[in-house]
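**Q** Can you keep this structure in mind? I'll have questions shortly.
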Amino acid sequence: EALSTEERDALDEIRRALGPDSLKGASPDLEVLFLRGYRGESNWTKYASDQLNETLEWRAELAADAIVDNPPSMRREFEGQWRSGVVGVDKDGFLTNTNNFIFW
């Protein structure tokens, strides 16, 4: 779903707060997850930018993005067995996710 005008303004505020160097490695999807995920907080953009910044620092510290270059050996099998994704929104407008677990 496209960002509303309010969300676009909030995302611009988050990006300004973090600065361009902090957002290196952050996908637009990740930014939107934090933007929409913390919408109910009293100081929405400050809280979202603080949480996103902490997450980006943690990912950098652990070199979390390196897994993209070196995926686990059975990644495709795993993804085929454990499908998940966003399926809609709840009554408050928050994204809802589903996970399909298959055990054998």
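The values are calculated or read from the model by the stated rules, or taken from the named source; none is laboratory data. In this text the structure is predicted, and so the values were computed from the model without any measurement. Cβ placement follows ideal geometry from the backbone for every residue including glycine, while neighbour counts extend to all protein chains displayed. Note: areas computed on protein heavy atoms with side chains; ligands, DNA, RNA excluded. Shrake-Rupley method; radii C 1.70, N 1.55, O 1.52, S 1.80 Å.
**Q** Compute the distance in nm between two label points, each set 7 Å from the Cα along the Cα-to-Cβ direction, one at Val68 and one at Asp92.
**A** Between Val68 and Asp92, the simple spin-label model gives 3.1 nm.
**Q** A further question on this structure: Just the accessible area per residue of the chain, please: how many Å² with a 1.4 Å probe?
**A** 76
**Q** Let me ask you something else. Take the alpha carbon atoms of the chain, find their radius of gyration, then divide it by 2.2 N^0.38 Å using N residues; give the quotient.
**A** 1.25
**Q** Tally up the carbon and sulfur contribution to the accessible surface of the chain as a whole percent, 1.4 Å probe, everything protein left in place.
**A** Of the solvent-accessible surface of the chain, carbon and sulfur hold 52 percent.
**Q** Compute the helix-to-body angle for 44-62: its Cα long axis versus the longest principal axis of the chain, expressed 0 to 90° and rounded to tens.
**A** The angle comes out near 40 degrees.
**Q** Would you compute, from DSSP H runs of 4+ residues alone, the mean residue ellipticity of the chain at 222 nm, taking -39500 (n - 2.57) per run and dividing by the full residue count, rounded to the nearest 500?
**A** Calculated from helices alone, the mean residue ellipticity at 222 nm is -15500 deg cm²/dmol.
**Q** I've got another one for you. Measure nothing fancy, just the Cα-based angle from helix 28-37's long axis to the longest principal axis of the chain, in degrees from 0 to 90, nearest 10.
**A** 70
**Q** Scaled to the compact-protein estimate 2.2 N^0.38 Å, what is the alpha-carbon radius of gyration of region 5-66, rounded to two decimal places?
**A** 1.06
**Q** Please state the shape class of region 54-104: rounded when a/c is under 1.5, otherwise prolate if a/b exceeds b/c and oblate if not, all from the C-alpha gyration tensor.
**A** Judged from the Cα gyration tensor, region 54-104 comes out oblate (a/c at least 1.5, b/c at or above a/b).
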